Every structure is written in C-alpha cells, then in structure tokens.
1. Given the options ILE81, ILE51, ILE68, name the one that is open to solvent by less than 10 Å² (accessible area, probe 1.4 Å) and assigned to a helix (DSSP H, G or I).
2. Name the residue, out of ASP76, ASP87, ASP63, that is in a helix (DSSP H, G or I) and either modelled with pLDDT under 90 or of a type in the set (Asp, Glu) (or both).
3. What is the one condition in (1) of a type outside the set (D, E, K, R); (2) open to solvent by 80 Å² or more (accessible area, probe 1.4 Å); (3) not in a loop (DSSP other than H, G, I, E, B) that PRO104 does not satisfy?
4. Please find, within segment 24-42, the residue that is least open to solvent (accessible area, probe 1.4 Å) out of those that are out of contact with any Phe, Trp or Tyr (no Cβ under 8 Å at 6 or more places or on another chain) and part of a helix (DSSP H, G or I).
Amino acid sequence: MLKRILVLDDNQDILDVIKEALLYEKFEVNITSNSEQFMGIVQSYSPDLVILDYKLNGPNGNDICRQIKAHHNFYDIPVIIFSAYIDNNIDLLACGCDAIIAKPFDLDELLDKVNALIVA
C-alpha cells in the first residue's frame with residue numbers, strides 16, 4: 001500500500017518539485033497552499049506523514065504542527081518542517097515536529113528524512 005504524504009507550502013514551484021520527487025519514489029502525494037483549511041485536509045486525507053513550510057500566509061508551520069500533535073487522531077503522524085528561517089531564535093523542535101529541513105533543501109535530504117520517518 002502506498003504511503004500518503006501531505007505537503008503544505010505557499011510556493012507552488014516548491015510544491016511541484018516535492019510532489020514530483022515523492023511520486024517518483026512511489027508515494028501518494030497531496031499538495032496544498034491552503035493553511036487555513038489544513039486540518040480539514042489532514043482529516044479527509046489521513047496522511048502517513050506531513051511536510052509543512054514554516055513561514056506561511058496564515059497560520060505558520062509551528063502552529064499547524066502543534067495542532068496536529070495535539071489532536072487525538074493525528075498526534076502520531078510524523079511532521080517535517082522546512083524553513084529558510086532556521087536560526088537560534090526559533091526553536092522549531094518545540095512544536096513537536098519530527099524533523100527539520102533548511103531551505104533551500106536538497107531533494108536527497110528530503111527523501112532520506114521521509115523514508116526514515118515512514119518506511120518500515
């Protein structure tokens with residue numbers, strides 16, 4: 001059975017690149033730029049892993065990760081946050097994410113982290 005990955009970013013080019021890379025690796029992929037409706041998308045799609053951009057129009061990746069990890073049905077879904085804003089002033093791990101990837105990112109690093117989190 002294909003593992004399902006849900007990706008949220010407000011940059012369509014990044015969404016397209018990630019989707020193609022994950023499809024090539026035989027994952028089922030759903031992409032969106034809608035951070036306002038994201039929890040509803042999580043509920044309807046039931047992903048095996050979520051990838052979130054940190055800086056979004058609307059709720060940021062930290063806030064959305066906290067919502068996922070606080071939800072009784074979704075708390076065990078691995079979450080990867082990627083961001084161009086990784087520095088000592090922002091503690092991204094505090095939101096409960098399972099991995100962090102710095103932007104610009106390397107596709108091999110992304111695939112390695114995805115596989116480490118969801119491939120049994």
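1. Going through ILE81, ILE51, ILE68 in turn, the sole match is ILE68.
2. ASP63
3. Status for PRO104: all satisfied but (3).
4. Step by step, filter segment 24-42, then rank; the result is PHE38.
The values are calculated or read from the model by the stated rules, or taken from the named source; none is laboratory data. Given the structure is predicted, the values throughout are model-derived calculations rather than measurements. Cβ atoms come from the backbone with ideal geometry, glycine included; neighbour counts cover every protein chain shown. Please note that ligands, DNA and RNA were not included when accessible areas were found on the heavy atoms of the full protein model with its side chains. Shrake-Rupley method; radii C 1.70, N 1.55, O 1.52, S 1.80 Å.
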